Amino acid sequence: MKEKSYSKFWLVLTLFSLVGQIAWVVENMYLNVFIYKMFNATSENIATMVSASAIAATVTTILIGALSDKIGKRKMFICGGYILWGISILSFAFIRMDVINALFPTAVSAAAVGANLVIIFDCVMTFFGSSANDAAFNAWLTDNTESSKRGAAEGVNAMMPLVSILVVFGGFMAFDLDKSASWTVIFTIIGVVVTLIGILGIFIIDDSRTVKQGENYWSNVFHGFLPKTVIKNKSLYLYLLAFTIFNISIQIFMPYLIIYYEKTLQMADYVFIMAPAIIIASVVTFFWGKVYDKRGVKFSSFIALIWLIIGYVLLYLFRNQMLVFIGSLLMMCGYLSGMTVFGAKIRDLIPTGKAGMFQGARIFSQVLIPGIIGPYIGKVVLKNAEMIANNDGTYSFLPNENIFLAALVVIVITFAFISLFVKGESKVKND
């Protein structure tokens, strides 16, 4: 890359990854809080929302990823998608009890209607978000990174979820999340920012040059799922399988994490406790991509999984704030470093010029299967969770530490699988 183009690449990567992840944090972590606080959602409601969103994300990424290959353009999907994504986030500002009561005056339970509307609108938002970010932006990133610098680029991309959590945590401190008016302002601000970034992209994004054009669209759609494709790219699909198990572990506890901190542990100041952990984990994640570039997948993945395992153990065993901080720090370091390693390795193994076609297979392992299985495991684990009474006479569940025990079991399986696979891969190379 020329220096000017290289600088523009890092600008686009940073801005679009950060703003996209801020929107995903609001959806993945705070939409659960929104539906829990405003509409007394059950663990079943939350599991349904996460699973429905995962399905929407997967179908969207498969179709739009292939379409971006067919048309030969990424930019139009990124910019248009971000603009519509922002508008869809704005729509949540109107999902309020006063609006619901006015539109559905005969409804037996306005809260139940509200919960269902959130689930439906979440799928709509996910469609635009996945078109822009999961399908088009991720394919653009694969197209525009050299193999020797892929770990570094993926390190920046993977640290953005933590940076975005820090931004969201800090921003949300100014709001009382028990009040509907606060959520209206939050969704308005996030929606406007995402829309403006989409408009900015029109002027700063250079379209991919390696995208292949003129292929049959439906061949592109199904390419990543054909048996012959799997056979031809065995290593890629084995890493995708490991990535799937890894993400199932994350999705067992992640939908309930904020509620666990705030309600179960009674950590009213959890933002101040988590902020240092997020900052440290972000720095670690940034450098971990370079560790992958230098030391390879075996070393970098094993260390990341060990951090995650120790973090789970501490979060399961202890409620002391300092130990919760240490456990959360290790959990975050392991989670984001693992995302960096798996993301970089998978991008390395995707055939040149076919990034869009393989985004569907990637999203299956990152979103769909984990988004269905993970929350279901969480729901089963929390089946007999403690219930607390709300001010309006309704009841809400309290997530407990068992979500971390279940996540631990799954991540140990990931560690065992990676150990066997990497060992077998090394043996084949040596032979």
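What follows draws every value from the coordinates through simple rules; no lab data is involved. Nothing here was measured: the structure is a model prediction, and the numbers come from that model. In this analysis, Cβ positions are derived from the backbone assuming ideal geometry, glycine residues included, and neighbour counts consider all displayed protein chains.
Hey, what angle do you get for helix 43-71 against the long axis of the chain, alpha-carbon based, 0 to 90 degrees rounded to 10?
On a 0 to 90 degree scale, this one is about 30.
Determine the shape class of segment 233-305: with a ≥ b ≥ c the square roots of the Cα gyration tensor eigenvalues, call it rounded for a/c under 1.5, and otherwise prolate if a/b is greater than b/c, oblate otherwise. Working shown, then result.
On the way: a/c = 4.29, a/b = 1.63, b/c = 2.63.
Oblate shape, in that a/c is at least 1.5 and b/c is the bigger or equal ratio.
How would Thr145, Thr61 line up from fewest to most surrounding beta-carbon atoms within 10 angstrom?
So the ranking, lowest neighbour count to highest, is Thr145, Thr61.
Any chance you could run the full-extension gain for Ile280 through Ile71? It's 0.36 nm times the residue separation minus the Cα-Cα distance, nm to one decimal.
Between Ile280 and Ile71, full extension yields an extra 71.1 nm.
Looking at the square roots a ≥ b ≥ c of the eigenvalues of the Cα gyration tensor of segment 277-431, which shape do they give, rounded for a/c under 1.5, prolate if a/b is larger than b/c, or oblate?
Working: a/c = 2.14, a/b = 1.70, b/c = 1.26.
Prolate.
So how far, in whole Å, is the C-alpha centre of segment 42-58 from the one of segment 283-328?
27 Å
Using 0.36 nm per residue, how much length does the chain from Asp269 to Asp207 gain when fully extended, once their Cα-Cα distance is taken away?
Length difference between fully extended and current span is 17.9 nm.
What dipole magnitude, in Debye to the nearest 20, does segment 179-317 give about its Cα centre under +1 on Lys/Arg Cβ and -1 on Asp/Glu Cβ?
Working: 11 positive and 6 negative charges, 112 e Å.
Here the size comes out at about 540 debye.
Can you sort Asp206, Asp176, Asp122, Asp69 from fewest to most other Cβ atoms within 10 Å of each residue's own Cβ?
Arranged by neighbour count, lowest to highest, Asp206, Asp176, Asp122, Asp69 become Asp176, Asp206, Asp122, Asp69.
Where the only charges are on Cβ atoms (+1 Lys, Arg; -1 Asp, Glu), what is the dipole of segment 256-404 about its Cα centre, to the nearest 20 debye?
On the way: 12 positive and 7 negative charges, 150 e Å.
Magnitude of the dipole: close to 720 debye.
Would you mind computing Rg(Cα) / (2.2 N^0.38 Å) for the chain, counting N as its residues?
Expressed relative to 2.2 N^0.38 Å, the Cα Rg reads 0.95.
Jot down the per residue volume, in cubic angstrom and as a whole number, of the convex hull over the alpha-carbon atoms of segment 374-424.
Cα-based convex hull of segment 374-424, divided per residue, equals 73 Å³.
Once you charge only the Cβ atoms, +1 for Lys and Arg and -1 for Asp and Glu, what is the size of the charge dipole of the chain about its Cα centre, to the nearest 20 debye? Could you put the intermediate results ahead of the total?
On the way: 32 positive and 24 negative charges, 315 e Å.
So the magnitude is around 1520 debye.
Output the Kirkwood hydrodynamic radius of segment 25-138, Cα pairs only, in Å rounded to one decimal. Could you put the intermediate results ahead of the total?
Details: mean 1/r = 0.0674 Å⁻¹.
Mean inverse Cα-Cα distance, inverted, gives 14.8 Å.
Can you bin every Cα-Cα distance in segment 189-298 into 10 Å intervals starting at zero and give me the percent of pairs per bin, rounded to whole numbers?
9, 16, 31, 31, 11, 2
With the dipole of segment 145-298 worked out from charges on the C-beta (+1 for Lys and Arg, -1 for Asp and Glu) around the Cα centre, which of Thr285, Val163, Tyr270 lies farthest toward the positive end?
Result: Thr285.
Counting other C-beta atoms within 10 Å, which of Val26, Val118, Val124 has the fewest, and how do the rest follow?
Val124, Val118, Val26
For the Cα atoms of the chain, what angle does the longest principal axis make with the long axis of helix 75-90, in degrees from 0 to 90, nearest 10?
In the chain, helix 75-90 runs at an angle near 10 degrees to the longest axis.
Helix-derived [θ] at 222 nm for the chain: sum -39500 (n - 2.57) over DSSP H runs of at least 4, divide by residue count, nearest 500? Write down the numbers at each step before the final one.
Working: 17 runs with 319 residues, N = 431.
Only helices count here, giving -25000 deg cm²/dmol.
List, in the order given, every pair from Lys294/Lys354; Lys298/Lys379; Lys75/Lys294 whose Cα-Cα distance in the structure shown is over 30 Å.
Too far apart for the 30 Å limit: Lys298/Lys379; Lys75/Lys294.
Taking the Cα centre of the chain as the origin and placing charges on Cβ (Lys, Arg +1; Asp, Glu -1), which of Tyr316, Thr244, Ala111 is farthest toward the positive end of the dipole?
It is Thr244.
Return the FRET efficiency for the residue pair Trp10, Met173: r is the Cβ-Cβ distance, R0 is 45 Å, and the value is rounded to the nearest 0.05. Write out the running numbers ahead of the final one.
Working: r = 29 Å, r/R0 = 0.65.
FRET efficiency, Trp10 to Met173: 0.95.
Of Val221, Val124, Thr184, which is farthest on the positive side of the dipole of the chain, counting Cα position, with +1 on Lys and Arg Cβ, -1 on Asp and Glu Cβ, and the Cα centre as origin?
Val221
If you wrap a convex hull around the Cα atoms of segment 230-357, how much volume per residue is inside, in Å³? Intermediate values should be presented prior to the final figure.
Details: hull volume 15.1 nm³, N = 128.
With only Cα atoms used, segment 230-357 gives 118 Å³ per residue.
How tilted is helix 402-430 with respect to the longest principal axis of the chain? Cα atoms for both, answer in degrees (0 to 90, nearest 10).
Between helix and principal axis, roughly 0 degrees.
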